[in-house]
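The values are calculated or read from the model by the stated rules, or taken from the named source; none is laboratory data. Source: prediction; values computed, not measured. Reconstructed Cβ throughout: ideal geometry from the backbone, glycine too, with neighbour counts over all protein chains shown.
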Amino acid sequence: MPTIQEHMYNSRIAGLGFYVPENVVTNDDLSKLMDTSDEWIQERTGIKERRHIIKGEETTSSMGVKAAKMAISNAGLTPDDIDFIVFATLSPDYYFPGPGVMVQRDLEMKTVGAVDIRNQCSGFVYGISLADQYIKTGMYENVLVIGSELHSTGLDMTTRGRDVSVIFGDGAGSVVLRREENLEKGILSSHLHSEGQHAEELSVIAPAMGTRWVTDILEANDPDDTSYFPYMNGKFVFKNAVVRFSEVIREGLEKNNLGVEDIDMLIPHQANLRIAQFIQKKFKLSDDQVYNNIMYYGNTTAASIPIALTEAWQKGKIKDGDLVILAAFGSGFTWGSVVIRW
Ligand code: UT7
């Protein structure tokens with residue numbers, strides 16, 4: 001594999017943005033719908049609350065567009081400057097087309113290319129890796145990467161679905177990657193993996209539908225058929241997650257001849273606070289070296305890393321020259337990491 005020095009260009013994160021719906025759903029709110037408790041949810045996941053859209057007010061693409069607008073404006077650009085769109089989600093508005101084209105339409109952009117990524121929790125990491133390759137080869141200058149997720153309309157909000165439904169939240173995050181000739185800074189490397197042997201351990205098995213219509217279809221569905229809802233073998237996913245997170249972070253460090261002590265900020269996919277804490281402890285990182293916000297947003301799948309990255313950056317927790325690592329694991333199984341010199 002070519003090293004960064006063999007490229008003429010590097011990609012830097014030039015702008016960041018995120019959007020979450022205003023509607024806060026607390027653990028106590030969920031306790032009114034199903035047999036669960038604030039104590040159980042906080043103890044097992046760290047989640048205190050999450051955001052759910054008001055049905056009909058937002059879609060996956062509309063939230064993505066809001067996050068993208070912020071990222072483009074923070075980069076000092078206009079939608080006309082964007083050369084390519086990468087949209088990661090497991091909950092597209094329609095079964096097809098994917099939401100990438102809706103960003104092109106709603107931001108009134110030129111007829112630039114748009115690609116949709118279906119890699120669930122690792123979707124944003126895959127998206128950054130893809131965008132980075134287009135930039136490093138010199139093909140594009142400014143690439144918009146979005147992760148957006150609308151979970152709330154497709155979850156089983158009864159006791160039957162409680163092990164999954166309490167975890168997930170709605171939201172979107174976005175970055176603009178910009179081509180630069182400074183090879184010292186920007187995306188140093190990305191590392192992607194999959195293991196389809198475990199495809200069914202975290203999945204929606206039934207024929208997919210767009211999240212705009214999912215509730216209507218479920219209402220007409222056999223009430224005992226759970227195949228339309230996400231299924232997760234929680235303990236098995238948890239065990240695999242901690243192993244793969246560790247491996248892929250180490251892989252990224254080794255590729256760049258760096259060590260754990262070089263990490264300034266780790267942004268783990270916000271799957272479960274207990275997973276992030278396990279990794280933090282294993283790598284002996286301080287609270288300042290790991291950013292978590294799952295307590296307030298739940299697990300927003302492809303949106304979780306860009307939301308957390310944007311928040312950490314807004315709070316001044318990421319400084320020029322810092323070594324920032326993004327790492328994700330989820331359905332597929334798929335996992336990956338991105339090593340960034342900020
Ligand atoms: O983002 C993609 C990657 N996803 C992940 O990494 C998630 C990984 N897995 C997890 O985070 C955890 O496995 C969960 C949070 C999903 C579940 O925690 P757990 O400690 O593995 O619990 P469990 O599923 O083994 O359930 C323990 C008990 C069960 O009751 P019994 O059989 O012991 O009587 C469940 O029925 O807790 C019960 N339970 C609940 N109780 C109250 C399951 N969900 C709930 C709930 N409220 N929401």
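Details
- Residue match in segment 34-51 (condition: farther than 29 Å from Asp106 by Cα, in contact with an Asp or Glu (Cβ under 7 Å, 6 or more places away or on another chain), free of Cβ contacts under 8 Å to residues at least 12 places away in the same chain and among the charged types (D, E, K, R)): no
- Options Leu90, Leu77; residue that is assigned to a loop (DSSP other than H, G, I, E, B), in the same structural domain as Ser152 (by TED's automatic domain parsing) and crowded, with 22+ Cβ neighbours inside 10 Å: Leu90
- In this structure, Lys48 does not qualify as more than 22 Å from Asn293 (Cα to Cα) and surrounded by fewer than 22 Cβ atoms within 10 Å (Cβ to Cβ).
- Of the residues making up segment 224-266, those that are more than 10 Å from the ligand (Cβ to nearest atom) and among the aromatic types (Phe, Trp, Tyr) are Tyr228, Phe229, Tyr231.
- The numbered conditions (1) farther than 28 Å from Val175 by Cα; (2) among the aromatic types (Phe, Trp, Tyr); (3) over 20 Å from the mean Cα position of the chain (by Cα); (4) crowded, with 16+ Cβ neighbours inside 10 Å are all true for Phe236 except (4).
- Looking only at residues of segment 287-307 that are among the aliphatic types (A, V, I, L, M) and over 16 Å from Gly330 (Cβ atoms), we find that the one that is surrounded by the most Cβ atoms within 10 Å (Cβ to Cβ) is Val290.
- Here is the figure for segment 267-292: residues that are aromatic (Phe, Trp, Tyr) and within 16 Å of the ligand (Cβ to nearest atom) total 1.
- Residues of segment 95-126 that are small (Gly, Ala, Ser), without any contact (Cβ under 8 Å) to a residue 60 or more places away in the chain and not in a strand (DSSP E or B): Gly98, Gly100.
- Count of residues meeting criterion [within 25 Å of Met63 (Cα to Cα) and modelled with pLDDT of 75 or more] in segment 209-231: 4
- Taking first residues from segment 281-292 that are within 22 Å of Lys315 (Cβ to Cβ) and free of Cβ contacts under 8 Å to residues at least 60 places away in the same chain and partners that are of a type in the set (Asp, Glu) and part of a loop (DSSP other than H, G, I, E, B), the Cβ contacts under 7 Å between residues at least 6 apart in sequence or on separate chains come to Gln289/Asp264.
- Hey, Glu311 closer than 25 Å to Ile41 by Cα and among the acidic types (Asp, Glu) or not: yes
- Of all residues in segment 194-208, those satisfying the criterion of being modelled with pLDDT of 85 or more and either away from the ligand (no atom under 16 Å from the Cβ) or more than 21 Å from Ser61 (Cα to Cα) (or both) are Ser194, Glu195, Gly196, Gln197, His198, Ala199, Glu200, Glu201, Leu202, Ser203, Ile205.
- Verdict on Glu201 being closer than 19 Å to Thr45 by Cα and charged (D, E, K, R): yes
- For segment 6-25, the condition of being surrounded by fewer than 24 Cβ atoms within 10 Å (Cβ to Cβ), modelled with pLDDT under 95, among the acidic types (Asp, Glu) and not in a loop (DSSP other than H, G, I, E, B) holds for at least one residue.
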